[in-house]
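These notes concern the structure reproduced below.
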Amino acid sequence: MVFDCLMNPAGPYQLNLVRTERMNHDGFGTPNDVFDRFFWIVRDVCREQAADGWTPETDAAWTARIESLLAGSR
Ligand code: HEM
């Protein structure tokens, strides 16, 4: 679901999904900032796995995508 949201960020479905899940998770006892951190954790693990294949352009693209998804789903 996180990869789907990151790969199709502009979709209203994805923005609403993240917004809804953020609220759901608050009900589960997962604070909003912890919920949002999940996306950055996925990025960090992918970076580790990609090793040399992770270029500055890759990093900039992931960062921009996550920032726009989190900003668009608040
Ligand atoms: C560190 C961050 C997160 C924590 C600690 C967390 C924790 C949990 C927990 C404890 C549940 C089970 C709730 C229950 O059924 O009692 C759950 C369910 C779920 N989580 Fe997360 N989650 C995190 C991030 C995310 C993210 C980023 C997404 C998707 C964008 C997501 C999507 C879901 C979905 C779809 C379910 C099934 C329940 C539902 O439909 O709301 N989670 N999560």
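Structure above, values below:
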{"item": "Accessible-area order (highest first, 1.4 angstrom probe) of the listed residues 4, 59", "result": "4, 59"}
{"item": "For region 28-43, 3J(HN,Hα) per residue [Karplus equation, 6.51 cos²θ - 1.76 cosθ + 1.60, θ = phi - 60°, Hz, x = Gly/Pro]", "result": "7, x, 9, x, 3, 5, 5, 4, 5, 5, 4, 5, 5, 5, 4, 4"}
{"item": "Probe 1.4 Å, all protein chains present, accessible-area order of 3, 35, largest first", "result": "3, 35"}
{"item": "Computed E for residue 38/residue 58 - FRET, C-beta separation, R0 25 angstrom, nearest 0.05", "result": "0.85"}
{"item": "Gain in span if fully extended, residue 48 to residue 8, counting 0.36 nm per residue against the direct Cα distance", "result": "12.1 nm"}
{"item": "Top of 62, 54, 40 by mean-square fluctuation, Gaussian network on the chain, Cα under 10 Å", "result": "54"}
{"item": "Phi to ³J(HN,Hα) by Karplus 6.51 cos²θ - 1.76 cosθ + 1.60 over region 57-74, Hz, x for Gly, Pro", "result": "5, 4, 4, 5, 5, 5, 4, 5, 5, 5, 4, 6, 5, 5, 5, x, 10, 7"}
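The values are calculated or read from the model by the stated rules, or taken from the named source; none is laboratory data. Here the structure is a predicted model, which is why all the values come from computation and not from measurement. Counting neighbours? That spans all protein chains shown, and the Cβs are built from the backbone with ideal geometry, glycine included. The accessibility values were calculated without ligands, DNA or RNA, using every heavy atom of the protein model including side chains. Shrake-Rupley method; radii C 1.70, N 1.55, O 1.52, S 1.80 Å.
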